[in-house]
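Below is one structure, written out as structure tokens; comments come after it.
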Amino acid sequence: MSMPVRDTLTIHFHADQTVTIEGVTLAAVDATPLLESMAKRTPPPLLKFVPDEGAGYETVGRLIYQAVRVGFPDESFGLIGKKPTPVLRKANDADLPFLMELRHQCMDTPMLAAGKTPSDELHRQRILYQFEWAEIVELAGEPVGLLKVVRSPPVWDLIQIQVAPREQGKGLGSLLLHALMAQAMAYGASIKLSVFKVNPALHLYERLGFVVIGETDDAYDMLFTAPA
């Protein structure tokens, strides 16, 4: 039996953080009632996200998360348009030089601020830890980041998320986290992580709803659980 073809709801994202849906422009947060209505259709439509050149990724991520919260399956989304679409692929040994450079770029400063001495050996150990779960983030075929998550229910372990400095500040990290949160929520899982107290990423995690559940001298243990 062939599956019915989903209708498509196209959502255009603009640089001023507004979205246009079926000719109506509104703030992204105001799209939730429409998403709730569309999610009740059988089957729900495919959401096709089209970011303009100047639009950040963060608004897209927030709307993906909202859509899953109101009932869209987490495979209901497509991301196309002028901006390169982030792609995740399994890491392999050929990625080790990139991952070493990325880790130096992203972790040397927080480690030094936490009183630890970064070294190639320490970085290599962290890169290889649970390497089978490592995914390379690519934009237009170029590696720009790392996502390493052990997806073992009921609590997924976010071991590493890193974005190259040249792509930071554009909402890519937030998009990856929102997508991960939506996926975990769809599977009924929570997400845990550990972050240096001096790492600026701490503020992003707090803003996205991660809460501190424990701490060491230099790091916080944090947990995200989907709101009821």
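Read the figures in this text as sums done on the coordinates, not as results from a lab. Just so it is clear, the model here is predicted, and its values are computed rather than measured. Here Cβ is always computed from backbone atoms with ideal geometry, including for glycine, and neighbour counts include all displayed protein chains.
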Straight-line reach from LYS116: which lysines have a Cα under 29 Å away, not including same-chain ones fewer than 8 places off?
-> LYS148, LYS170, LYS192, LYS197
Semi-axes, largest first, in whole Å: what does sqrt of 5 times each Cα gyration tensor eigenvalue give for the range 7-114?
-> 33, 17, 14
Please state the relative contact order of the range 169-228 as a whole percent: Cα pairs under 8 Å, 6+ residues apart?
-> 35
What helix-only [θ] at 222 nm does the chain give? Using -39500 (n - 2.57) per DSSP H run of at least 4, over all residues, to the nearest 500, the answer is -9500 deg cm²/dmol
Pairwise label distance in nanometres, ASP7 with VAL150, each label 7 Å out on the Cα-Cβ vector | 4.5
Sort out for me the Cα centre separation of the range 151-189 from the range 90-115, rounded to whole Å.
-> 17
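Just round it to a whole percent: the fraction of Cα-Cα distances in the range 168-228 exceeding 14 Å. Walk me through the numbers on the way to the answer.
Values: 1029 of 1830 pairs.
Of all Cα-Cα distances in the range 168-228, 56 percent exceed 14 Å.
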What are the radius of gyration and Dmax of the range 86-175, computed over its Cα atoms and given in Å?
-> 13.0, 37
In vacuo Debye sum over C-alpha of the range 28-182, base-10 log of normalised intensity I(q)/I(0) at q = 0.14, 0.18, 0.20, 0.21 Å⁻¹, listed in q order, is -0.78, -1.13, -1.29, -1.36
